[in-house]
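Visitor: So that we are looking at the same thing, I have put the structure below in structure tokens.
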Amino acid sequence: MQISPSILSADFANLERELGRISNADWAHVDVMDGHFVPNLTLGLPVVEALARVSAVPLDCHLMIDDPDRWAPQYAEAGAGSVTFHVEAARDPRAVARALRSAGARAGLALKPGTAFPPYEELLPDLDMVLVMTVEPGFGGQSFMADQLPKVAQVRQAVRDHGGEIWVQVDGGVSAGTIEQCAEAGADVFVAGSAVYGADDAAQAVEHLRALATAHCHSR
């Protein structure tokens, strides 16, 4: 059960300090938005390179961008330990995943709420993680979409059938109130933004979320 706090909810003027607040997390989730694939604009390669130099935890980059075929491997080269791209934006998702692995990162495939998983199940051998979005990508602080939990369970079953170490990540509205349902459905990596960075003690929030998830993974 891994917790990946989203720095989208952190203080952008003090990112090094904000990373220090989550030094007990498994990952730091970095949302890259280009203003095209999603309406919002956040940060890009130079900032990821800078974060990689100072972060005590590995970076989990979620690319909400057009043309990941071109750009995704550069995030691996910039120092991200895991790079997730959207299948809706990729021309050749298998090639992107292989390029990410070649560049030394874990390869993740993200699905928007309206995107079905079965057409992409054949990509599993080239993936290290599948991200099921539990909000529409583009903005932090949205409310959790429980109707995505059957998709989480579907991905988990496919991973079980396929074998191998493939993580199932959820991102969007994950909090102390929703993380248990996500764990029961089969998720094992949890992106939490405001639930961590909105807390007075971010590290304590990470521990609390991890404990809740761990206690509810019995159905797996």
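The values are calculated or read from the model by the stated rules, or taken from the named source; none is laboratory data. Values in this document were obtained by computation on a predicted structure and should not be read as measured data. Note that each Cβ is placed from the backbone with ideal geometry, even for glycine, and that neighbours are counted across all protein chains shown.
Visitor: Within the stretch 130-142, is even one residue under 16 Å from A28 (Cβ atoms) and not in a helix (DSSP H, G or I)?
Guide: Yes, some residue in the stretch 130-142 is under 16 Å from A28 (Cβ atoms) and not in a helix (DSSP H, G or I).
Visitor: Condition first: in a loop (DSSP other than H, G, I, E, B), under 12 Å from R156 (Cβ atoms) and of a type in the set (A, V, I, L, M). Now tell me which residues in the stretch 173-196 satisfy that. Show your work before the answer.
Guide: Of the stretch 173-196, the ones in a loop (DSSP other than H, G, I, E, B) are 173-178, 186-188, 193.
Checking the rest, the ones that are also under 12 Å from R156 (Cβ atoms) come to 186-188.
Within the stretch 173-196, A187 is the sole residue that qualifies.
Visitor: Filter the stretch 12-49 down to the residues that are aromatic (F, W, Y) and either under 18 Å from Y75 (Cα atoms) or surrounded by 15 or more Cβ atoms within 10 Å (Cβ to Cβ) (or both), then identify the one that is modelled with the highest pLDDT. First the steps, then the outcome.
Guide: If we filter the stretch 12-49 for residues that are aromatic (F, W, Y), which is where we start, we get 12, 27, 37.
With either under 18 Å from Y75 (Cα atoms) or surrounded by 15 or more Cβ atoms within 10 Å (Cβ to Cβ) (or both) added as a condition, the list becomes 27, 37.
Values: W27: 98, F37: 95.
Out of the qualifying residues, it is W27.
Visitor: Inspect the stretch 76-83 for any residue being β-branched (V, I, T), in contact with a Ser or Thr (Cβ under 9 Å, 6 or more places away or on another chain) and under 21 Å from V189 (Cβ atoms) and give the result as yes or no.
Guide: Taking every residue of the stretch 76-83 in turn, none turns out to be β-branched (V, I, T), in contact with a Ser or Thr (Cβ under 9 Å, 6 or more places away or on another chain) and under 21 Å from V189 (Cβ atoms).
Visitor: For the stretch 33-89, which positions are in a strand (DSSP E or B) and aliphatic (A, V, I, L, M)?
Guide: M33, L41, L59, L63, M64, V83
Visitor: Quick one: in the stretch 104-139, of everything that is more than 19 Å from H162 (Cβ to Cβ) and touching a strand residue (DSSP E or B) at 6+ places or on another chain (Cβ under 8 Å), which residue is surrounded by the most Cβ atoms within 10 Å (Cβ to Cβ)?
Guide: The qualifying residue surrounded by the most Cβ atoms within 10 Å (Cβ to Cβ) is T134.
Residue by residue, here is whether (1) under 26 Å from P125 (Cβ atoms); (2) under 17 Å from the mean Cα position of the chain (by Cα) holds:
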{"position": "A10", "(1), (2)": "no, yes"}
{"position": "T42", "(1), (2)": "no, yes"}
{"position": "L59", "(1), (2)": "yes, yes"}
{"position": "D69", "(1), (2)": "yes, no"}
{"position": "F85", "(1), (2)": "yes, yes"}
{"position": "V96", "(1), (2)": "yes, yes"}
{"position": "A107", "(1), (2)": "yes, yes"}
